[in-house]
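Here is the structure we will look at, set down as structure tokens.
The values are calculated or read from the model by the stated rules, or taken from the named source; none is laboratory data. Quantities reported herein were computed from a predicted structural model and do not represent experimental measurements. Quick reminder, even Gly has a Cβ in these numbers, built from the backbone with ideal geometry, and neighbours come from all protein chains shown.
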């Protein structure tokens, strides 16, 4: 249907149009979906995988598009990649730093339970750093944490009077 002056006839509406390239067979984008398999897919109702809201949108061949909003997709993905869902999850085989980082991520801090100052540390009451249950983690300021662990006494032992200072 191409003539020497680069005009063609649209396959859908049969109007003449000027071709911009050899592959053009439709005059406008509105004509394309009616006879092209790359056109708009039929709409369908879906249940959002995250929030279960029923929504309508264009059907998709990919199952990943079953979320009503990007916010729902991001929330689902974040939840899916926590703990056992994450391929890098090590469970209890994680080292000292990993167990402490879990306690820092999982539990909010407020005021120190001993003195009431702002808390920056989370203390494992039973001394087991693998036990990150809420009952075992308490917020403490750095000084109170060092007192409970015995680190403050090791760093600053009590001063005893030296015998040389005594005058007899």
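Brief remarks follow.
- Top-ranked residue in region 105-119 [being surrounded by 13 or more Cβ atoms within 10 Å (Cβ to Cβ) and either outside the structural domain of residue 145 (by TED's automatic domain parsing) or out of contact with any helix residue (DSSP H, G or I) (no Cβ under 6 Å at 6 or more places or on another chain) (or both); ranked as nearest to residue 82 (Cα to Cα)]: 107
- Annotation note: Cβ proximity below 7 Å between a residue of region 8-23 that is surrounded by 14 or more Cβ atoms within 10 Å (Cβ to Cβ) and a residue that is in a strand (DSSP E or B) and at pLDDT 85 or above (sequence gap 6+ or interchain) occurs for 9/16.
- Flag for residue 37 being out of contact with any strand residue (DSSP E or B) (no Cβ under 8 Å at 6 or more places or on another chain), farther than 30 Å from residue 130 by Cβ, modelled with pLDDT under 70 and surrounded by 10 or more Cβ atoms within 10 Å (Cβ to Cβ): no
- Residue in region 61-73 that is at pLDDT 75 or above and over 30 Å from residue 46 (Cα atoms) present: no
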